[in-house]
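Data block below; observations after.
The values are calculated or read from the model by the stated rules, or taken from the named source; none is laboratory data. Everything quoted here is computed from the prediction, not taken from an experiment. In this analysis, Cβ positions are derived from the backbone assuming ideal geometry, glycine residues included, and neighbour counts consider all displayed protein chains. What goes into the accessible areas is simple: the full protein's heavy atoms, side chains included, and nothing from ligands, DNA or RNA. Shrake-Rupley method; radii C 1.70, N 1.55, O 1.52, S 1.80 Å.
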Amino acid sequence: MKILITGGAGFIGSHLVDACVERGDEVFIIDNLSTGQRDNIAHHDGNASVHFYEVDIRDWEKISDIFEQVRPEVVFHLAAQINVRESIRNPVHDIEVNILGTMNILESMRKHDCQRMIFSSTGGAMFGGDNPPYSESHEAHPESPYGISKRAVELLLEFYERQYGIRSTILRYANVYWPRQNALGEAGVISIFLDKIQNNQIPTIYGDGSQTRDFIHVADVVSANMHALEKNLTGVYHVGTGIETSVNQLWQILASSTDTTIKPQYTPSLWEIQRSALSPEKLRATGWNNSFSLKDGINQMKSAQTR
Ligand code: NAD
């Protein structure tokens, strides 16, 4: 199958490239390398089934040309500005990349008859409050330009499906971690903490550390994407574990598993959702399940580092 992956040189996208290559697909990657890295996909260099385009999704001419040449059957759309704090500092950039860039992809799909998109959305930046885990029936309340841009794309996808028959799966991820993670991402806290521990530096915790997140291993996020493709799912699905872990608990798990005596410093938060977790029950009912607990994932990270 011809599969186009935007953001395919990034953290999650590069793992998705690996999974598609393993399945025998021909893979076309679009990435401007703003946060992604060529190294993440360098192990596919020389593979005639993997094609890389260093292109910005905001460039309508180039995007439309790629779709005309390639004629992909499926698009996994991951390219985005993903840093919540950065979206607050510069909301215009978020709207340009996450909404207008996505419009270039959707219009190219419409123009060149590509009927299927699997979209990487966010649960972490859309739900927060007193009663996690949140299911798909909860109303989304994005509070940052990042979350708002993702919600806007979800609504645009519903419109393109109704109007043009382009079928989409919207996968709302919890906080995805490791390996190849960029420390700027939504779950970058794990990478940042580990980095600080390794370099014997003091990490900063924003707020009092009681804020909770739902950490999901990247392998489980990739398996959710492949499951959506193979089962031909449409609609919205939450991809999380349903389990809350506070930033303080996360620090304790990491500190005890690495035997560090470093103490974090606390600083007031600019913006923070207090509690967050996503219920994966709807996706589980279709036959998917996550296979890593947070402890499993951290143990795997530790043994990879000591190898
Ligand atoms: P990432 O930054 O590693 O990946 C994003 C990729 O998009 C990068 O390779 C980057 O270079 C590319 N990109 C950015 N702007 C671009 C542009 N204008 N044109 C072309 N390419 C561009 O981040 P990630 O964590 O792998 O995120 C992938 C997707 O998953 C994103 O859409 C993100 O919103 C979503 N998501 C991630 C998490 C998480 O915890 N990491 C959680 C929820 C949703």
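Things worth noting here:
- Filter result for Leu229 (in a helix (DSSP H, G or I) and in contact with a Phe, Trp or Tyr (Cβ under 7 Å, 6 or more places away or on another chain)): no
Residue by residue, here is whether (1) free of Cβ contacts under 8 Å to residues at least 60 places away in the same chain; (2) near the ligand (Cβ under 9 Å from one of its atoms) holds:
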| residue | (1), (2) |
| --- | --- |
| Met1 | no, no |
| Phe11 | no, yes |
| Ala42 | yes, no |
| Phe52 | yes, no |
| Asp59 | yes, yes |
| Lys62 | yes, no |
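- Check on Ala48, more than 7 Å from the ligand (Cβ to nearest atom), closer than 19 Å to Gln69 by Cβ and not β-branched (Val, Ile, Thr): yes
- Residues of region 108-142 satisfying the condition of being among the charged types (D, E, K, R) and either in contact (Cβ under 8 Å) with a residue 40 or more places away in the chain or crowded, with 24+ Cβ neighbours inside 10 Å (or both): Arg110, Lys111, Asp113, Arg116, Asp130, Glu136
- Considering region 254-305, and only residues there that are of a type in the set (S, T, N, Q) and within 19 Å of Gln201 (Cα to Cα), the residue that is most open to solvent (accessible area, probe 1.4 Å) turns out to be Thr261.
- Residues that are of a type outside the set (Val, Ile, Thr), surrounded by 24 or more Cβ atoms within 10 Å (Cβ to Cβ) and outside any strand (DSSP E or B), drawn from region 1-19: Gly7, Gly8, Ala9, Gly10, Phe11, Gly13, Ser14, Leu16
- Checking Leu100 against (1) within 12 Å of the ligand (Cβ to nearest atom); (2) assigned to a strand (DSSP E or B), the condition it does not meet: (2)
- Qualifying residue in region 209-221 (condition: assigned to a strand (DSSP E or B) and touching an Asp or Glu at 6+ places or on another chain (Cβ under 6 Å)): yes
- Failed item, numbered, when Ser149 is tested on (1) closer than 21 Å to Ala125 by Cα; (2) open to solvent by 10 Å² or more (accessible area, probe 1.4 Å); (3) touching a residue at least 40 places away in the same chain (Cβ under 8 Å): (2)
- Listed by first and then second residue, the pairs with beta-carbon distance under 6 Å, at least 6 apart or on different chains, first residue in region 205-216 and among the small types (Gly, Ala, Ser), second assigned to a loop (DSSP other than H, G, I, E, B), are Gly207/Ser269; Gly207/Glu272.
- Which listed residue is under 17 Å from Leu171 (Cα atoms) and away from the ligand (no atom under 14 Å from the Cβ), from Val70, Val21, Val27, Val74: Val74
- Any hit, region 235-248, residues being open to solvent by 60 Å² or more (accessible area, probe 1.4 Å), more than 20 Å from the chain's Cα centre (by Cα) and either acidic (Asp, Glu) or more than 23 Å from Met126 (Cβ to Cβ) (or both): no
- Candidates Ile262, Ile202, Ile298 - the one that is within 26 Å of Gly10 (Cβ to Cβ) and in contact (Cβ under 8 Å) with a residue 40 or more places away in the chain: Ile298
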